[in-house]
Number of protein chains: 2
Amino acid sequence: MKKPGIPKGTRDFSPQEVLKRNYIMQTIKDCFTTYGFQPIETPSFENSDTLMGKYGEEGDRLIFKILNSGDYLSKVNEELYAARDSNKLTSKISEKALRYDLTVPFARYVVQHQNEIEFPFKRYQIQPVWRADRPQKGRFREFFQCDADVVGSTSLWQEVELVQLYDAVFSKLNLNGVVIKLNNRKILSGIAQVIGAEDKLIDFTVALDKLDKIGEEGVKKEMREKGVSEDAIKKVQPLFDSVGDASQKLDMLRELLGTSETGLQGVSELEFITKTIKNLGLQTATLEIDVTLARGLNYYTGAIFEVAAPFEVKMGSIGGGGRYDDLTGIFGLKNMSGVGISFGLDRIYLVLEELHLFPETVSENTKVLFINFGEHEALYAMKAITKLRQQGIPAELYPDTAKMGKQMGHADKRNIPYVVLAGEAEMSAQTYTLKNMKTGDQEQLDLKALSGRLGY
Amino acid sequence: MKKPGIPKGTRDFSPQEVLKRNYIMQTIKDCFTTYGFQPIETPSFENSDTLMGKYGEEGDRLIFKILNSGDYLSKVNEELYAARDSNKLTSKISEKALRYDLTVPFARYVVQHQNEIEFPFKRYQIQPVWRADRPQKGRFREFFQCDADVVGSTSLWQEVELVQLYDAVFSKLNLNGVVIKLNNRKILSGIAQVIGAEDKLIDFTVALDKLDKIGEEGVKKEMREKGVSEDAIKKVQPLFDSVGDASQKLDMLRELLGTSETGLQGVSELEFITKTIKNLGLQTATLEIDVTLARGLNYYTGAIFEVAAPFEVKMGSIGGGGRYDDLTGIFGLKNMSGVGISFGLDRIYLVLEELHLFPETVSENTKVLFINFGEHEALYAMKAITKLRQQGIPAELYPDTAKMGKQMGHADKRNIPYVVLAGEAEMSAQTYTLKNMKTGDQEQLDLKALSGRLGY
């Protein structure tokens, strides 16, 4: 029989990994809560028509579809079946699909429950999503998203708050020095407008977004290839030369954008956010205007966020988000502006691992293993174990009367810091011998002293 | 546009519901941890051959299959396609399936990672599972399972521990008076043996398991229908008349089982568990031998557990489990005994709701809402909010400068217990006016006093 495996792009998580992942998620949740976000959860699969057509053609292809139950072919007519076309057959034999992200289900939730929701609604959601992407290093077919969004208000205070929230989470994780990059879609639109390339907005911003990777000349080359004129490229030269602090960048943008109303609106939004954050201060992160930031996403209409790991770690973005003025329009509810951010759990995990930032306590498990010397001794041990557990101290009895070395070895392999030895002598003295596995020190304690020693 | 919905048998969870569910799950997790269980997680979907054939024909039908990506029909040969048989087509167009329970994926995990695991391995797993069951009240197509299992030891101390663990969880949830029912598959086998109905073991135990629902006569009728002889039915009469405490029941069983070695082995296991638990004591649950308990599951080989909600609540079982001597044999690893229990999250939720046992603190969200009087005042407010949040106090600014009544109404609808009003007067005095939304009391505090008042 061959050893069983799991589908490519999926993962098993060992106890160590689960505990570390939970530590990150719990930290994020705690911060979400202090910022007033409340959790919701949506089903793993949605009706296909909720998801299809919301992520572009590529997205539609990457959505995992669930086969209808029972005799699913009975609903397919002769003609369609004869055509033998996978694409056309899919919608007849599959009505449900696995969630592709948390944003579309959230929009669906808001529309479906609009009468129960008190707006503005601040929700967070931490659940897995599935994508039939080609698996590669660091890209999985099942992964968690951690999103916080506010819907029902256009107030810029929310953008301010989301910058602070990023800072709060990463500071609490002791991940100092992250850079929160900020841009505004209105500025990108304004630039496209003033250089006369409005019809090429997407191509233009996609190229600009690659500045980090392919450099100034690379970006210009791509713009040319996409049909952006030499004149236009010359006009945006200030973007490439942009240095200095927020106020210098804002001045540059104001000059570049000239009379573009949209563009200037974007500048004033950027200005409010940066000025306010400067006033309130951040704990360990820095906020930076990055006019090349586009995140390749067409649905942002205002602020665009992206978080970069500290400079010394080679890792792409560990978070991102932005404002989208028409979150719920796809489901028929107009004028519901939303703004949100997302945390990249898998990448944050890798960064914390690389920088050794997981606290040792995270993967602590059982604190004490009681050695099993036989039925009577085990009962004596279980009385103590029962008490310790009631006090919240993780304690275990080795289940079998195995050789001493094997039992000690078990404690050792599981990094259990203490063992208790209790045989005839201890039983008659009503004590327990506690052995520190690291130092080898032993002491004889009564139950009260034992629980005091092992307690927190 | 029609209002969007979700697939039947699935659920959206509102903030209140998520918080209550998390409260139950966190309580279970905390107890699992003090008992030395460690968390693992497995992928939502497995290779189909991992799951298919493990749950019987009915199970195979209820497993959700995932359609292959891309041009999935290209792998189907002409002949098979022409047959137009849903069943036969499935294995050609679907290679993955959603997890149906946590036990089979756990068995797969143990075999796959056997060289990394230190045995005995105590693992817990709290993840959703999916079943294409016909949805009905209280039965869903997506639901969480909460399982704790130990593999790699046949020690009965584990059964003892699992009884204590049930008691610990339900006591911590303040759900007093649950009944932990205990039986042993060997006793059922022994009975079938001594009444000469070994070939009818399953039918016999399935009928007996219904005693609660259909009464003594109903059970006998079903046994007769299944071909159990009158003589055999007469022999098991003591099972129906069984009353009294554990030791009386054990005596009755010993007499009934006569010389059946298997049966007597079962009795002695039951005796060890009940005697030890009596010795150690339980906090709020009671342990009861129930010889009719079979749980309709064929894979149990030793202890069988089931937990009934307190008498006054009409609710089926809220937990169950047992020992299975050959957990991992299906994946080629022999001699790996396992024993485990499961908690029924959805039913526990309903019971706690019915008995009003959710602590009020569970659904507490934001503690204080700062009223937004305009940009300057909002900035002043945000300075305080930033400090409060850093101390872990959930605080919010109303994002817009809306009418006072609307902002107060928002606090009210969200059950936020305090609001802060801070305008010109407060700003010049460097204070904040804190209003208790329940009593209407107001007091003027500086930032330090404010955080003291709102802190824990």
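Please treat every number below as a calculation from the coordinates, not as lab data. The shown structure was predicted, so the numbers you read here are calculated from the model rather than taken from an experiment. Don't worry about glycine lacking a Cβ; one is built from the backbone with ideal geometry, like all the others, and counts go over all protein chains shown.
Between 0 and 90 degrees, rounded to the nearest ten: what's the tilt of helix A:261-280 against the longest Cα principal axis of chain A?
Once rounded, the angle reads 30 degrees.
Say a label goes 7 Å from Cα toward Cβ at B:S242 in every copy; what distances in nm does this one have to the rest, shortest first?
Label point to label point, same position, other copies: 7.7 nm.
Projected onto the charge dipole of the protein assembly as shown (+1 at Lys/Arg Cβ, -1 at Asp/Glu Cβ, origin at the Cα centre), which of B:V368, A:Q265, A:T386 gives the Cα projection farthest towards the positive end?
A:Q265
Evaluate E = 1/(1 + (r/R0)^6) for A:L357 and B:Q26, where r is the Cβ-Cβ distance and R0 equals 25 Å; express this FRET efficiency to the nearest 0.05.
0.55
Given H placed 1.01 Å from N in the peptide plane, which residues other than close sequence neighbours of A:N68 have an amide H under 5 Å from its amide H?
Amide H neighbours of A:N68, under 5 Å, 5+ apart: A:S94, A:E95.
If the only charges are +1 at each Lys and Arg Cβ and -1 at each Asp and Glu Cβ, what is the size of the charge dipole of the stretch A:241-380 around the Cα centre, to the nearest 20 debye?
400
Relative to 2.2 N^0.38 Å, what does the C-alpha radius of gyration of the stretch B:411-455 come to as a ratio? Two decimals please.
After normalising by residue count via 2.2 N^0.38 Å, the value is 1.15.
With angles folded into 0 to 90 degrees, how steeply does helix B:345-354 sit against the dominant principal axis of chain B? Use alpha carbons for both and round to 10.
For B:345-354 against chain B, the angle is about 60 degrees.
Going down the table (B:K249/B:K334; A:K29/A:K435; B:K122/B:K334; A:K2/A:K403; A:K92/B:K3; A:K186/A:K226), which pairs top 27 Å between alpha carbons?
Among B:K249/B:K334; A:K29/A:K435; B:K122/B:K334; A:K2/A:K403; A:K92/B:K3; A:K186/A:K226, the Cα-Cα distance tops 27 Å for B:K249/B:K334; A:K29/A:K435; A:K2/A:K403.
For the stretch A:244-332, what does the alpha-carbon gyration tensor say about shape, rounded, prolate or oblate, given a ≥ b ≥ c as the root eigenvalues, a/c under 1.5 as rounded, and a/b over b/c as prolate?
oblate
Along the stretch B:319-336, what does the Karplus equation 6.51 cos²θ - 1.76 cosθ + 1.60 (θ = phi - 60°) give for ³J(HN,Hα), rounded to whole Hz, x for Gly and Pro?
Listing the rounded values in order: x, x, x, x, 9, 10, 6, 10, 4, 9, x, 4, 10, x, 10, 8, 6, 10 Hz.
Once you order the gyration tensor axes a ≥ b ≥ c over the Cα atoms, which shape class does the protein assembly as shown get: rounded for a/c under 1.5, otherwise prolate or oblate by comparing a/b with b/c?
The shape class here is prolate.
I need the shape label for chain B. Rule: rounded when a/c is under 1.5, else prolate if a/b > b/c, else oblate, with a, b, c from the alpha carbon gyration tensor.
Prolate.
So which trypsin sites (Lys or Arg not before Pro) in the stretch B:382-456 pass both tests, a DSSP loop state and at most 10 other Cβ atoms within 10 Å of the Cβ?
Counting only loop positions with at most 10 other Cβ atoms within 10 Å, the trypsin sites (Lys or Arg not before Pro) in the stretch B:382-456 are B:K403, B:K438.
Just order B:178-189, B:232-243 by mean Cβ neighbour count inside 10 Å, highest at the front, would you?
Descending packing order for the listed peptides: B:178-189, B:232-243.
For the stretch A:123-176, what Kirkwood radius comes out of the mean inverse Cα-Cα distance, in Å?
Result for the stretch A:123-176 stands at 13.7 Å.
Using a Cα-Cα cut-off of under 20 Å, which aspartates and glutamates could be cross-linked to B:K438, ignoring same-chain neighbours fewer than 8 residues away?
Excluding near neighbours in sequence, the set is A:E118, B:E360, B:E364, B:E396, B:D412.
Once the Cα atoms of the stretch A:365-454 are picked out, what are the Rg and Dmax in Å?
Both quantities, over Cα of the stretch A:365-454: 11.6, 31 Å.
Need one number: nm distance between label points at B:K88 and B:K334, each 7 Å from Cα along Cα→Cβ, rounded to one decimal.
If labels sit at B:K88 and B:K334, their model points lie 3.7 nm apart.
Along each of its three principal axes, how wide is the spread of alpha-carbon positions in the stretch B:289-426, in whole angstrom units, largest first?
75, 40, 21
Taking the label point 7 Å from Cα in the Cβ direction, how far apart in nm is A:A425 from each other copy of itself, listed shortest first?
7.6
Run the numbers for B:Q283 and B:S229: contour at 0.36 nm per residue of separation, minus the present Cα-Cα distance, in nm.
So the extension gain works out to 15.1 nm.
Please give the FRET efficiency for B:D212 paired with A:Q442, using the beta carbon to beta carbon distance and R0 = 51 Å, rounded to the nearest 0.05.
The value I calculate is 0.45.
Which distances, shortest first and in nm, link B:A402 to the matching position in the other copies, using label points set 7 Å out along Cα to C-beta?
So the distances to the same position in the other copies read 6.2 nm.
Count, for each residue of A:90-98, the Cβ atoms from other chains sitting within 10 Å of its Cβ, then give me the mean as a whole number.
Partner Cβ neighbours, averaged per residue: 3.
Relative to 2.2 N^0.38 Å, what does the C-alpha radius of gyration of the stretch B:1-51 come to as a ratio? Two decimals please.
Rounded to two decimals, the normalised Rg is 1.72.
Per-residue ellipticity at 222 nm for chain B, helices alone: DSSP H runs ≥ 4 residues times -39500 (n - 2.57), over residue total, nearest 500 deg cm²/dmol?
Computed mean residue ellipticity for chain B: -13000 deg cm²/dmol.
In sequence order, what are the phi-derived ³J(HN,Hα) couplings for the stretch B:304-315 according to the Karplus relation 6.51 cos²θ - 1.76 cosθ + 1.60 with θ = phi - 60°, rounded to whole Hz, with x for glycine and proline?
Here the 3J(HN,Hα) series is 10, 10, 8, 10, 9, 4, x, 2, 6, 9, 7, 7 Hz.
What are the radius of gyration and Dmax of the stretch A:179-292, computed over its Cα atoms and given in Å?
According to the Cα coordinates of the stretch A:179-292, Rg and Dmax are 14.2, 44 Å.
Would you be so kind as to identify which of B:L250, B:M427, B:P4 lies farthest towards the positive end of the dipole of chain B, taking Lys and Arg as +1 and Asp and Glu as -1 on Cβ and the Cα centre as origin?
Farthest towards the positive end: B:M427.
Roughly how far apart, in whole Å, are the Cα centres of the stretch B:244-308 and the stretch A:91-156?
48
Using a Förster distance of 25 Å, how high is the FRET efficiency between B:R11 and A:K75, based on the Cβ-Cβ distance and rounded to 0.05?
Calculated value: 0.45.
Give the long-range amide H neighbours of B:C146: residues separated by 5 or more places, or on another chain, with amide H under 5 Å away, using H modelled in the peptide plane at 1.01 Å from N.
When sequence neighbours closer than 5 places are left aside, the close amide H contacts are B:F343, B:L345.
With N residues in the stretch A:75-150, what two-decimal value do you get for its Cα radius of gyration over 2.2 N^0.38 Å?
Against the compact-globule rule of thumb, the ratio is 1.56.
Just to confirm the filter: which GluC sites (Glu not before Pro) across the stretch A:223-273 are DSSP coil and have at most 16 other Cβ within 10 angstrom of their Cβ?
Taking the stretch A:223-273 and a limit of 16 other Cβ atoms within 10 Å, no loop GluC sites (Glu not before Pro) are found.
Note the angle between two axes, namely the Cα long axis of helix B:15-34 and the longest principal axis of the Cα atoms of chain B, as a number of degrees from 0 to 90, rounded to the nearest 10.
Its long axis makes an angle of about 60 degrees.
May I ask you to list the residues of the stretch A:75-107 whose amide nitrogen lies under 17 Å from a point 7 Å from Cα along the Cα→beta-carbon direction of A:Y299?
Zone members listed by number: A:97-107.
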